[in-house]
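Enquirer: The structure under discussion is supplied below as structure tokens; questions concerning it will follow.
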Amino acid sequence: QVQLVESGGGLVQAGGSLRLSCAASGRTAVQAVMGWFLRALGEEREFVVGKAWADNIALYADAVQGRFTISSDTAKNVVYLQMRSLKPEDTAVYYCVAGPHLTESPSDYKSWGQGTQVTVST
């Protein structure tokens with residue numbers, strides 16, 4: 001099973017930027033789909049973005065379209081989430097995920113990181 005470790009979260013002002021990183025390790029570091037979910041306080045997990053790397057297809061949640069970008073450094077087995085124009089409603093724990101198919105359902109992803117907190121202040 002692949003292990004995923006997120007980093008890069010923190011406290012930023014509204015309108016600012018952060019870049020989250022997800023380092024993959026274990027028996028295999030290559031997954032068909034990798035992406036990000038969030039969980040706001042008192043809420044269920046919510047899809048942010050996923051990408052099927054082989055065919056270069058990315059799916060973004062409407063709330064982050066145009067502001068967030070997923071990318072990777074395949075040589076280092078690292079996936080990034082570049083977050084721009086951050087809003088207070090982006091405040092959440094962000095989880096890196098990996099799975100076999102590109103979907104918006106958290107149950108379809110078998111590998112999850114521990115999460116990294118992003119807080120956007122007003």
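Enquirer: Find the centroid of the Cα atoms in the range 80-110 and in the range 36-70, then give the distance between the two in whole Å.
Expert: 4
Enquirer: Would you mind getting me the FRET efficiency between Q13 and D55? Use the beta-carbon distance for r and R0 = 35 Å, nearest 0.05. Let's see the in-between values first.
Expert: Details: r = 37 Å, r/R0 = 1.06.
Between Q13 and D55 the formula returns 0.40.
Enquirer: Where a Cα-Cα gap under 19 Å defines reach, which aspartates and glutamates qualify for K76, not counting those fewer than 8 residues away within the same chain?
Expert: E6
Enquirer: Using the charge dipole of the chain (Lys, Arg: +1 at Cβ; Asp, Glu: -1 at Cβ; taken about the Cα centre), state which of W53, T74, L4 has its Cα farthest towards the positive end.
Expert: T74
Enquirer: Still on this structure, please answer the following. Taking a cut-off of 17 Å between Cα atoms, list the lysines near K110, but don't count ones fewer than 8 places away on the same chain.
Expert: Result set, ordered by chain and number: K51.
Enquirer: While we're looking at this one, here's another question. By how many nm would the segment from R84 to K110 grow when fully extended, if each residue of separation counts as 0.36 nm and the alpha-carbon distance is taken off? Show your work: numbers first, answer last.
Expert: On the way: separation 26, 0.36 × 26 = 9.36 nm, distance 2.78 nm.
That works out to 6.6 nm of additional length.
Enquirer: Multiply the residue separation of K76 and D62 by 0.36 nm, subtract the distance between their alpha-carbon atoms, and state the gained length in nm to one decimal. Walk me through the numbers before you get to the answer.
Expert: Values: separation 14, 0.36 × 14 = 5.04 nm, distance 2.91 nm.
Gain on stretching K76 to D62: 2.1 nm.
Enquirer: Enumerate the amide H contacts of T91 below 5 Å, restricted to partners 5 or more residues apart or on another chain; note that Pro and chain-start residues carry no placed amide H.
Expert: HN-HN under 5 Å from T91: V120.
Enquirer: What is the dipole size for the chain, taken about its Cα centre, with +1 at each Lys and Arg Cβ and -1 at each Asp and Glu Cβ, in debye to the nearest 20? Mind dumping the intermediate values first?
Expert: Working: 10 positive and 11 negative charges, 73 e Å.
For this selection, approximately 360 debye.
Computed from the coordinates by the stated procedures, all read-outs in this text should not be read as laboratory data. Just so it is clear, the structure is predicted and the values come from calculations on it, not from any experiment. No Cβ is skipped: glycine too gets one built from the backbone with ideal geometry, and neighbour counts run over all protein chains shown.
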